[in-house]
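Before any comments, here is the structure.
Any read-out appearing in this document is the output of simple, stated calculations on the displayed coordinates, not a laboratory observation. Source: prediction; values computed, not measured. We place every Cβ from the backbone using ideal geometry, glycine too, and count neighbours over all the protein chains shown.
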Amino acid sequence: MNSERIFIVGFMFSGKSSYGNNLAKIMGRSFTDTDNLLVSQQGMSIAEMFEKYGQEWFREKEKNVLRSLLSLNNAVISTGGGTPAYSDNMTWMLNNGTVVYLHISAKDVIERIRNSDTLASRPLLKNSDSAHIEKLLNERVPVYERAHITVSGLSFNASTVKRAILTAWDEQPA
């Protein structure tokens, strides 16, 4: 487990960006969101990238953005919900940082989606019903669960995540 980079993974609406940003602040680290970086580099939204170029093209660009962050040290990096599930991204993150999985239930994801005004920016959720969301989440859970650290439930916060990370680092064999 590498302490230079902390990768935050989890399903859409699990809070990766907000928790990651708060975690970076309380740990005195820089924060990067791979989705925001990709949008900035490409000059279009993720939904536009999916529509114009397709998911395969998007996943390749996403992988390239992730790999470009290897030079970041003392950083918290929030990834897109699908990032760990494609290419060998999860293995790469496990080898190049500490991976933290923010786990929330399908029921809680669906509730957050219902209360969100950003659904249009999520191409894989466009016109999705609860069954589709649950299926997609269940497909990704085995990949997410490979993370070094899992934080579950809706009650976690940046301090909880920080404690879990520091505990895991302390427990590493010398």
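Things worth noting here:
- Ellipticity estimate at 222 nm from DSSP helix runs (n ≥ 4, -39,500 (n - 2.57)) divided over the chain, nearest 500: -15500 deg cm²/dmol
- The mean sequence separation of alpha-carbon pairs under 8 Å and at least six residues apart, normalised by the residue count of the range 5-161, gives a relative contact order of 37 percent.
- Neighbours of VAL65, meaning other residues whose beta-carbon lies under 14 angstrom from its beta-carbon, give a summed charge of +1 when Lys and Arg score +1 and Asp and Glu score -1.
- Cα-based reach from LYS107 at 14 Å (exclusive), listing aspartates and glutamates while leaving out same-chain residues under 8 positions away: ASP129, GLU134
- Taking the C-alpha atoms of the chain, convex hull volume expressed per residue in Å³: 112 Å³
- Counted by Cβ distance under 15 Å from GLY20, the other residues give a net charge of +3, where Lys and Arg count +1 and Asp and Glu count -1.
- For TYR144, TYR53, order by how many other beta-carbon atoms lie within 10 Å, fewest first: TYR53, TYR144
- Straight Cα distances below 19 angstrom link LYS63 to the lysines LYS16, LYS52, with same-chain residues fewer than 8 positions distant left out.
- Each of the peptides 155-163, 85-93, 14-22 was scored by the mean count of other Cβ atoms within 10 Å over its residues; in descending order, highest first, they stand as 14-22, 85-93, 155-163.
- Highest-fluctuation residue, ALA106, ALA164, ALA131 considered, GNM on the chain with Cα pairs under 10 Å: ALA131
- Within the straight-line cut-off of under 20 Å between alpha carbons, the aspartates and glutamates reachable from LYS25 are GLU4, ASP33, ASP35, sequence neighbours fewer than 8 places apart in one chain being disregarded.
- Taking amide hydrogens as placed 1.01 Å from N in the peptide plane, the amide H of SER78 sits under 5 Å from those of ILE8, THR32, ASP33, THR34, each at least 5 positions away in sequence or on another chain.
- Spin-label pair GLU56-ARG163: with each label point 7 Å from Cα along the Cα-Cβ axis, the two points sit 4.7 nm from one another.
- Cβ crowding within 10 Å ranks ARG140, ARG112 as ARG112, ARG140, fewest other Cβ atoms first.
- A simple count of charges around ILE165, restricted to other residues whose Cβ falls under 13 Å of its Cβ and scoring Lys, Arg +1 and Asp, Glu -1, yields +1.
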